[in-house]
Amino acid sequence: MVVTHPASYRPEPGTIPVEPGVYRFWDVDGRVIYVGKAKNLRSRLSSYFVDSRNHHQRTAAMVTTAARVDWVVVANEVEALQLEYSWIKTYEPRFNVKYTDDKSYPYLAVTVGEEFPRITVLRGDKRKGVRYFGPYSHAWAIRETVDQLLRVFPARTCSKGVFRRANISGRPCLLAYIGKCSAPCVGRVTPQEHRQIIDDFCSFVGGNASKHIRTRKIEMLAAAEAEDFEAAARVRDDLFALEKAMAKNAVVFNDETDADVIALAEDELQAAVQVFHVRSGRVVGQRGFVVDRVIPVPEDELVEQALLRIYGDVTDSAVPKEVLVSQLPPARSDMADWLTSRRGSRVELRRPQRGDKKDLMATVARNAEQSLAAHKRKRIGDLTTRGQALEALQKALDLVSAPLRIEGYDISTLAGSDTVGSMVVFEDGEPRTSDYRRFTISASNAASDLASLTEVLTRRFKRYLKERTDAADFELAGSEAGGPGRRSFQYPPQLVMVDGGPAQVAAARAALDELGMDDVAVCGLAKRLEEIYLPDQRDPVVLSRASPALLLLQQVRDESHRFAIAGHRKKRSARAKGSLLDAVPGLGPAKRKTLLRHFRTTKAVQAASVAELQEVSGIGPSLAETIHTFFADGSTPSNDVVNLTTGEVIEG
């Protein structure tokens, strides 16, 4: 890691504006390492350039890692909040507060973007065209509630495959026969009627339960007065189902309050955030985050960052009328305005002082304390092991610093065909799967393991050098749109590990030296005795089988091997599927390859006219007529895509 002096990049006096804005610190590799906002940019940024001995240790590490700083002026604090959130999400700065969900929570989801929306349970990242309710503690709790509500709101719950098969056969599934699905698959309801069922379902689970219960009671009384006792009994059973579904959610307020209650528990390095979602006075969901405080952040700013994370990607009813917090953020009115802009109507942001809401806040705070304690118990072993592994690796390989970013490389091939190279990335001892990459090896190098490895490393680090140059040329005028974001090739590793012995290590070292990358360490891990080979050293480094450093290298090696094998198998499987062009009479491999180079896909060849086919080198009038006639006779359309390097079909 390059250490800089803040004075070397301090802006000229008087050049920093006094308006509100958002600023970024960049390191020498063009990576954004910190994003912040300020009401007065000059005052805030100047505080970073005082004597670093007056800074907290982690703040001093940030300013000495940075190589430059820039900023964007905005009109007000609300715009600053929005831009700060956008940049933190884009760049994932290493010195900003880092949030981790303390577990994967299930959501009740409705695919409102489909013609016939489906009710289901989803986890993970939120998707477009889906409305979410929750989160809930357990998936089974969602399914029990949905099972109760389907009697009243008989909406579709089946997958696309089941829906499609029922539509083709004209026979609905069992749920339709027992009254828990309106069977839109066979046309028992129109899209509009099914949409109304879905709207009523969403209204009920979204907090308007009392409205639906009142409506059912009126319907039951009307049916009884008309002496339609069978209809009255059906509505009565519906009422029981609705009330049973509501009974699963604890009542915390006597009124129809819609609110989110947010509390924190913290220590010097970490904080836990707990959120209780209250709708119509009942707790309908709960979730938690764990925060790594990379640099010191006061509690009120942690609350602000938590609000940005919770509501940054949601709109409309997902933001409640009230947001109750354990500590008010620094710019309370600006944050309330931002929440209002997300909801579309006024949102009240406050800290409860008395009554039921204060009592519930205390309960949420206790949950946060328990969550923080459980997280620390869970991670202390992992953090200790990873730290020991990196320190042991630094000592064993005689590195300048601990290898915080390790890249592992492997080659997978079968007799020189379908050769694939893999690159896996470990940061702080953990896999960073978003930075994994595969390389298709050119035909000239595919038969040689060493040549393939050289090609992969050359391509990877040429990309690094190019992206570093691009980042250096990136002007502030262009950065106002959010910049290029995180690019996996832009950041160099401290250690390159290859799967193999002295020959592979020598090839890797030579490839890096040719590009001038002499500050990146190289090692190889041989499978036979798990020896570690270093460049220009005849004898390997042998570590204890229980060494955390060896275990980390084995994990990197195994992951790179797995990733390469998976890519090789995928490529080989795609090639084995073949192409429809194989069946064209008189069309040999060379001309198939020429056709695919010209048209790029089999589908485009199928759609070509005789005249267009004759434009391809080597395809005469007779063969063009044969190809055109072959596909005109009703051959199945194809979406095959060709690999332009090898001429093989890689996608079908």
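The values are calculated or read from the model by the stated rules, or taken from the named source; none is laboratory data. For clarity, every value in this text was computed on a predicted model and none was experimentally measured. No Cβ is skipped: glycine too gets one built from the backbone with ideal geometry, and neighbour counts run over all protein chains shown. Each accessible area value is taken on the protein alone, full model and side chains, heavy atoms only, with ligands, DNA and RNA left out. Shrake-Rupley method; radii C 1.70, N 1.55, O 1.52, S 1.80 Å.
I need a count of the residues in region 111-132 that are part of a loop (DSSP other than H, G, I, E, B), closer than 19 Å to residue 197 by Cβ and open to solvent by 60 Å² or more (accessible area, probe 1.4 Å). Give the steps one after another, and end with the answer.
The first filter runs over region 111-132 and keeps only residues part of a loop (DSSP other than H, G, I, E, B), leaving 111-117, 123-130.
Narrowing further to those that are closer than 19 Å to residue 197 by Cβ: 111-117, 129-130.
The next check asks that each one be open to solvent by 60 Å² or more (accessible area, probe 1.4 Å); those that pass are 113, 115.
So the answer is 2.
For region 62-79, name all the residues that are in a helix (DSSP H, G or I) and open to solvent by 50 Å² or more (accessible area, probe 1.4 Å). Give the derivation first.
Step one: filter region 62-79 for residues in a helix (DSSP H, G or I), giving 62-65, 77-79.
Matches in region 62-79: 79 only.
Run down 72, 28 and say which single residue is touching a residue at least 60 places away in the same chain (Cβ under 8 Å) and over 24 Å from the mean Cα position of the chain (by Cα). Spell out how you get there, then give the answer.
Values: 28 fails: touching a residue at least 60 places away in the same chain (Cβ under 8 Å).
Result of the check over 72, 28: 72.
State the number of residues belonging to region 27-79 that are at pLDDT below 85 and under 29 Å from residue 340 (Cβ atoms).
So the answer is 5.
(1) over 27 Å from residue 494 (Cα atoms); (2) among the aliphatic types (A, V, I, L, M); (3) within 27 Å of the chain's Cα centre (by Cα): which one isn't true of residue 18, the others all being true?
The one condition residue 18 does not meet is (3).
Yes/no matrix, rows are residues, columns are (1) in contact with a Ser or Thr (Cβ under 8 Å, 6 or more places away or on another chain); (2) touching a residue at least 12 places away in the same chain (Cβ under 8 Å); (3) under 14 Å from residue 522 (Cβ atoms):
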{"position": "394", "(1), (2), (3)": "yes, no, no"}
{"position": "402", "(1), (2), (3)": "no, yes, no"}
{"position": "412", "(1), (2), (3)": "yes, yes, no"}
{"position": "424", "(1), (2), (3)": "yes, yes, no"}
{"position": "444", "(1), (2), (3)": "no, no, no"}
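Out of 403, 329, 431, which single residue is open to solvent by less than 20 Å² (accessible area, probe 1.4 Å), out of contact with any strand residue (DSSP E or B) (no Cβ under 6 Å at 6 or more places or on another chain) and not aliphatic (A, V, I, L, M)? Outline the logic, then answer.
Values: 403 fails: out of contact with any strand residue (DSSP E or B) (no Cβ under 6 Å at 6 or more places or on another chain); 431 fails: open to solvent by less than 20 Å² (accessible area, probe 1.4 Å).
None of the other options fit; the residue is 329.
So, in region 46-58, how many residues would count as being open to solvent by 60 Å² or more (accessible area, probe 1.4 Å) and either touching a residue at least 40 places away in the same chain (Cβ under 8 Å) or in contact with a Cys (Cβ under 9 Å, 6 or more places away or on another chain) (or both)?
To start, the set of residues in region 46-58 that are open to solvent by 60 Å² or more (accessible area, probe 1.4 Å) comprises 50-51, 53-54, 56-57.
If we keep only those that are either touching a residue at least 40 places away in the same chain (Cβ under 8 Å) or in contact with a Cys (Cβ under 9 Å, 6 or more places away or on another chain) (or both) too, we end up with 56.
Residues meeting the conditions: 1.
Looking only at region 452-501, which residues are touching a Leu at 6+ places or on another chain (Cβ under 8 Å), surrounded by fewer than 18 Cβ atoms within 10 Å (Cβ to Cβ) and either charged (D, E, K, R) or at pLDDT below 60 (or both)?
Scanning region 452-501 gives a single hit, 462.
Within region 589-606, can you find the residues that are among the hydrophobic types (A, V, I, L, M, F, W, C), closer than 14 Å to residue 623 by Cα and either in contact with a helix residue (DSSP H, G or I) (Cβ under 9 Å, 6 or more places away or on another chain) or open to solvent by less than 40 Å² (accessible area, probe 1.4 Å) (or both)? Can you show your working first?
The first filter runs over region 589-606 and keeps only residues among the hydrophobic types (A, V, I, L, M, F, W, C), leaving 590, 595-596, 599, 604-605.
Narrowing the set further to residues that are closer than 14 Å to residue 623 by Cα leaves 590, 595, 605.
595, 605 - these are the residues of region 589-606 that are among the hydrophobic types (A, V, I, L, M, F, W, C), closer than 14 Å to residue 623 by Cα and either in contact with a helix residue (DSSP H, G or I) (Cβ under 9 Å, 6 or more places away or on another chain) or open to solvent by less than 40 Å² (accessible area, probe 1.4 Å) (or both).
Taking residue 189 and the conditions (1) of a type outside the set (Phe, Trp, Tyr); (2) assigned to a loop (DSSP other than H, G, I, E, B); (3) open to solvent by 30 Å² or more (accessible area, probe 1.4 Å), which numbered condition does it fall short on, given that it satisfies the others?
Going through the list (1) of a type outside the set (Phe, Trp, Tyr); (2) assigned to a loop (DSSP other than H, G, I, E, B); (3) open to solvent by 30 Å² or more (accessible area, probe 1.4 Å), residue 189 breaks only (3).
Failed condition for residue 345, given (1) part of a loop (DSSP other than H, G, I, E, B); (2) under 26 Å from the mean Cα position of the chain (by Cα), with all others met?
Condition (2) is where residue 345 drops out.
Does region 252-272 include one or more residues that are modelled with pLDDT under 75 and either open to solvent by less than 30 Å² (accessible area, probe 1.4 Å) or assigned to a strand (DSSP E or B) (or both)?
Yes: one or more hits.
Residues in region 31-47 that are hydroxyl-bearing (Ser, Thr, Tyr) and within 32 Å of the chain's Cα centre (by Cα): how many?
First, the residues of region 31-47 that are hydroxyl-bearing (Ser, Thr, Tyr): 34, 43, 46-47.
If we keep only those that are within 32 Å of the chain's Cα centre (by Cα) too, we end up with 34.
Summing the residues that are hydroxyl-bearing (Ser, Thr, Tyr) and within 32 Å of the chain's Cα centre (by Cα) in region 31-47 gives 1.
Every residue in region 80-114 that is within 30 Å of residue 159 (Cβ to Cβ) and modelled with pLDDT of 85 or more, please.
Answer for region 80-114, where residues must be within 30 Å of residue 159 (Cβ to Cβ) and modelled with pLDDT of 85 or more: 109, 110, 111, 112, 113, 114.
Conditions tested, residue by residue: (1) of a type outside the set (Asp, Glu); (2) in a loop (DSSP other than H, G, I, E, B); (3) more than 25 Å from residue 400 (Cβ to Cβ); (4) open to solvent by 10 Å² or more (accessible area, probe 1.4 Å).
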site: 7; (1), (2), (3), (4): yes, no, no, yes
site: 11; (1), (2), (3), (4): yes, yes, yes, yes
site: 17; (1), (2), (3), (4): yes, yes, yes, yes
site: 26; (1), (2), (3), (4): yes, no, no, no
site: 33; (1), (2), (3), (4): yes, no, no, no
site: 44; (1), (2), (3), (4): yes, no, yes, yes
site: 60; (1), (2), (3), (4): yes, no, no, yes
site: 81; (1), (2), (3), (4): yes, no, yes, no
site: 89; (1), (2), (3), (4): yes, no, yes, yes
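Within the set of pairs 6+ apart or on separate chains, which have a first residue in region 279-293 that is farther than 12 Å from residue 206 by Cα, a second that is of a type in the set (Ser, Thr, Tyr) and assigned to a strand (DSSP E or B), and C-beta atoms under 7 Å apart?
From residues that are farther than 12 Å from residue 206 by Cα, the pairs are 289/99; 289/100; 290/100; 291/99.
With the structure loaded, tell me whether residue 160 is closer than 24 Å to residue 133 by Cβ, at pLDDT 85 or above and touching a Leu at 6+ places or on another chain (Cβ under 7 Å) or whether it fails that test.
Numbers: closer than 24 Å to residue 133 by Cβ: yes; at pLDDT 85 or above: yes; touching a Leu at 6+ places or on another chain (Cβ under 7 Å): no.
In short, no.
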